[in-house]
């Protein structure tokens, strides 16, 4: 059986996603290059879901940029995605990967 992951920007969207049947809330911040959210936003999502009776709903996030600052948000998330800025140009990567 598949699971539905819904990207959310904050606690209101997370609650709407949970009530709509989402299985995982993926906390993102579209204003940053890689979507890395602020830690207190992740905490707010976790608290809102807990208060609404969705304590078992996993939260995912990423720490693709500003890792020293934003990685504290992992304290409130269940899973994470780590993104790395490529060191090579796209043309070089394409040549390497074939």
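The values are calculated or read from the model by the stated rules, or taken from the named source; none is laboratory data. Please read these numbers as outputs of a predicted model, since none were measured by experiment. Neighbour counts are summed over all protein chains in view; Cβ atoms, including those assigned to glycine, are modelled from backbone coordinates with ideal geometry.
Looking across the stretch 22-51, the residues that are farther than 16 Å from residue 62 by Cβ, in contact with a strand residue (DSSP E or B) (Cβ under 9 Å, 6 or more places away or on another chain) and either part of a loop (DSSP other than H, G, I, E, B) or without any contact (Cβ under 8 Å) to a residue 24 or more places away in the chain (or both) come down to 22, 23.
When you check residue 34 against the structure, is it closer than 26 Å to residue 2 by Cα, modelled with pLDDT under 60 and within 15 Å of the chain's Cα centre (by Cα), yes or no?
It is false that residue 34 is closer than 26 Å to residue 2 by Cα, modelled with pLDDT under 60 and within 15 Å of the chain's Cα centre (by Cα).
Among the residues of the stretch 44-66, those that are surrounded by fewer than 19 Cβ atoms within 10 Å (Cβ to Cβ) and modelled with pLDDT under 90 comprise 60, 64, 65, 66. When residues in the stretch 8-17 are screened for being touching a strand residue (DSSP E or B) at 6+ places or on another chain (Cβ under 7 Å) and touching a residue at least 24 places away in the same chain (Cβ under 8 Å), 2 of them pass.
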